[in-house]
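> Below are the structure tokens for one structure; questions will follow.
The values are calculated or read from the model by the stated rules, or taken from the named source; none is laboratory data. Not measured: the values here are computed from a predicted model. Heads up, the Cβs are rebuilt from the backbone with ideal geometry, glycines too, and the neighbour counts pull from every protein chain shown. All accessible areas refer to the heavy atoms of the entire protein, side chains included, with ligands and DNA or RNA removed. Shrake-Rupley method; radii C 1.70, N 1.55, O 1.52, S 1.80 Å.
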Amino acid sequence: IYEIKVDPQFMKLPIIHFIADGQVVLTAKHKGNTIVIGKGSNVHLKKDRSNHVAKISMQNGINTVSCEGQEFHITFVYFSGPGTFSVAADFMHKGKCIHWKPKEPRHNKATNTYSLSLHGEYHHFPLKSTKNTVLINDLDESCLIIRKVAEEEYEAECHPDVSQIIIFAFALSQIIGPNEAYSTIMRM
């Protein structure tokens, strides 16, 4: 389980930390349609790019991720019933193309509500949030769970074999969401 903490900065862009075993290993900043990820606890968009390990460009419901010698696209999937977005992508992992897609929330006709099991292997209990999601592989096995656990705090539960940079790219895409124009079009 990885922690993701959004640190709002007074009069500055928020900083988003990716924490593994209590240590900040990656940090991101988001401005306009660009997200930059750097190694360690600091990242600058322009001033110092020496620690940059990934860049995400956001356009029309597609986030283009450049990291670890590959470029892949994270697309947003809209579920009209619950009115929420999730993400899907194909990316390379150990020389193999991996496909992750969102698990569709289950509809309860009696209460007219939607639910998704977000407890994972560690049985953590999330807060209710439109940012919560579960990604599955082609065998319908859970691969990545992103859940809100406190104000400005999230968890990403994933197999430790998957690159932390890729997990963070998925989590950032889910937490920040699609740009406003695309979001509005999809909800119409």
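> On a 1.4 Å probe surface of the protein chains, which of Arg106, Arg49 comes out largest in accessible area, and what is the full order? Provide the component values of the computation, followed by the final result.
Values: Arg106 170, Arg49 145 Å².
So, going from the largest accessible area down, we get Arg106, Arg49.
> Using the structure shown, select from Lys55/Lys94; Lys5/Lys131; Lys29/Lys103; Lys31/Lys131 the pairs with a Cα to Cα distance greater than 22 angstrom. Don't skip to the end; give the middle numbers.
Working: Lys55/Lys94 20 Å; Lys5/Lys131 14 Å; Lys29/Lys103 28 Å; Lys31/Lys131 19 Å.
Check vs 22 Å cut-off fails for Lys29/Lys103.
> Give me D for the chain in µm² s⁻¹, whole number, from Stokes-Einstein with Rh from the Kirkwood sum over alpha-carbon pairs, 25 °C and 0.890 mPa s.
On the way: Rh = 16.9 Å.
Stokes-Einstein gives a translational diffusion coefficient of 145 µm²/s.
> So if I take the centroid of the Cα atoms in the range 82-119 and the same for the range 1-70, what is the distance between those two points in Å?
Going from one Cα centre to the other spans 23 Å.
> While we're here: Work through the residues other than Ser142 whose Cβ is under 9 Å from its Cβ and net out their charges, Lys, Arg +1 and Asp, Glu -1. Before the final figure, lay out the partial values.
Working: positive: Lys103; negative: Glu121, Asp140, Glu141, Glu157.
That sum, taken over residues with Cβ under 9 Å, equals -3.
> Could you tell me the ratio Rg/Rh of the range 17-96? Both radii from Cα atoms, Rh via Kirkwood.
Radius of gyration relative to Kirkwood radius: 1.02.
> Where the eigenvalues come from the Cα gyration tensor of the range 47-139, what are the semi-axes √(5λ) of the equivalent ellipsoid, largest first, in whole Å? Before the final figure, lay out the partial values.
Values: eigenvalues 173, 48, 42 Å².
So the three semi-axes of the range 47-139 are 29, 16, 15 Å.
> Take the solvent-accessible surface of the protein heavy atoms, probe 1.4 Å, and return the percent of it on the range 134-183 that carbon and sulfur atoms account for.
Values: 860 of 1860 Å².
C and S atoms contribute 46 percent here.
> With Cβ to Cβ distances under 13 Å as the rule, what net charge do the other residues near Glu71 carry (K, R +1; D, E -1)? Walk me through the numbers on the way to the answer.
Numbers: positive: Lys55; negative: Glu68, Asp90.
Its environment carries a net charge of -1.
> Determine, at each q value in 0.10, 0.19 (inverse angstroms), the log₁₀ of I(q)/I(0) that the Debye formula gives when each Cα of the range 86-188 is one equal point scatterer.
Debye output, listed in q order: -0.30, -1.05.
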